[in-house]
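Presented below is the structure to which this report refers.
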Amino acid sequence: MTTAAEVVHELDRQGLTVAVAESLTGGLLAAELISVPGASAVVVGGVVAYQTPIKHLLLDVPADLLAARGAVDPDVAVAMASGVRRALAVDGRAADVGLATTGVAGPDPQDGEAPGTVYVALSAGGGSRVARLDLEGDREAIRSATVSESLSMLHDWLTEPRE
């Protein structure tokens with residue numbers, strides 16, 4: 001079973017929904033989740049917020065945060081994960097989990113960050129977590145590794161004991 005399949009199964013088992021906000025992955029994370037049969041029961045949807053202003057307009061990432069630090073930042077990733085939960089609310093109910101990716105796929109630096117600098121974040125309940133990834137390879141490799149690491153973060157959160 002793939003990590004995506006395990007995640008979809010575990011979300012379904014726990015009665016949870018997920019929404020994704022993607023920048024450098026450009027929809028690959030949502031596509032990976034949706035490739036699993038039964039994903040429609042747990043995947044609310046996704047937002048590809050590729051350009052920085054869209055992160056503010058659609059995901060409510062604070063404009064002053066984006067102006068001060070740029071899009072490649074851990075707090076931006078957390079704000080994206082939190083914002084997509086609300087942005088994709090269904091019948092007034094926010095998604096239970098938000099998952100977000102932001103970073104530099106390359107080949108050129110962005111916001112002073114080198115290619116391969118990536119942040120993935122998860123927001124659920126009143127908490128969040130974020131991880132910095134320092135990836136190597138070409139654009140395709142960096143984007144693919146970001147999807148894998150994002151799914152691993154969600155899998156770990158789903159399978160760890162919670163009160």
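Screening segment 114-130 for residues that are farther than 15 Å from SER23 by Cβ and out of contact with any Leu (no Cβ under 6 Å at 6 or more places or on another chain) and picking the one that is surrounded by the most Cβ atoms within 10 Å (Cβ to Cβ) gives SER123. Hey, could you check segment 1-46 for residues that are of a type in the set (D, E, K, R) and under 14 Å from the mean Cα position of the chain (by Cα) and say which is nearest to GLY103 (Cα to Cα)? That would be GLU22. Taking segment 24-41 as the range and being assigned to a loop (DSSP other than H, G, I, E, B) and open to solvent by less than 10 Å² (accessible area, probe 1.4 Å) as the test, the residues that pass are LEU24, THR25. For segment 48-60, name all the residues that are touching a strand residue (DSSP E or B) at 6+ places or on another chain (Cβ under 7 Å) and surrounded by fewer than 23 Cβ atoms within 10 Å (Cβ to Cβ). Answer for segment 48-60, where residues must be touching a strand residue (DSSP E or B) at 6+ places or on another chain (Cβ under 7 Å) and surrounded by fewer than 23 Cβ atoms within 10 Å (Cβ to Cβ): VAL48, LEU58. When segment 93-130 is filtered for residues that are in contact (Cβ under 8 Å) with a residue 60 or more places away in the chain, of a type in the set (Ser, Thr, Tyr) and more than 18 Å from ALA145 (Cα to Cα), nothing remains.
Return yes or no: is ARG162 open to solvent by 60 Å² or more (accessible area, probe 1.4 Å), closer than 20 Å to VAL76 by Cβ and either among the basic types (Lys, Arg) or in contact with an Asp or Glu (Cβ under 6 Å, 6 or more places away or on another chain) (or both)?
Numbers: open to solvent by 60 Å² or more (accessible area, probe 1.4 Å): yes; closer than 20 Å to VAL76 by Cβ: no; either among the basic types (Lys, Arg) or in contact with an Asp or Glu (Cβ under 6 Å, 6 or more places away or on another chain) (or both): yes.
Judged against the criteria, ARG162 is not a match.
The requirement of being open to solvent by less than 50 Å² (accessible area, probe 1.4 Å) and among the small types (Gly, Ala, Ser) is not satisfied by GLY92.
The set of residues in segment 1-19 being closer than 22 Å to ALA79 by Cβ and either open to solvent by 60 Å² or more (accessible area, probe 1.4 Å) or not in a loop (DSSP other than H, G, I, E, B) (or both) consists of VAL18, ALA19.
Among the residues that make up segment 101-110, is at least one of them within 21 Å of ALA68 (Cβ to Cβ) and open to solvent by 50 Å² or more (accessible area, probe 1.4 Å)? Looking for residues that are within 21 Å of ALA68 (Cβ to Cβ) and open to solvent by 50 Å² or more (accessible area, probe 1.4 Å), one finds at least one in segment 101-110, hence yes.
Remark: pairs (first residue in segment 71-82, at positive phi and in contact (Cβ under 8 Å) with a residue 60 or more places away in the chain; second residue of a type in the set (Ser, Thr, Tyr) and open to solvent by less than 10 Å² (accessible area, probe 1.4 Å); Cβ separation under 7 Å; 6+ apart in sequence or on different chains) are absent.
The values are calculated or read from the model by the stated rules, or taken from the named source; none is laboratory data. Since the model is a prediction, treat every value here as computed from it, not as a measurement. In this analysis, Cβ positions are derived from the backbone assuming ideal geometry, glycine residues included, and neighbour counts consider all displayed protein chains. Side chains are part of the model used for accessible areas, which takes the heavy atoms of the whole protein and leaves out ligands, DNA and RNA. Shrake-Rupley method; radii C 1.70, N 1.55, O 1.52, S 1.80 Å.
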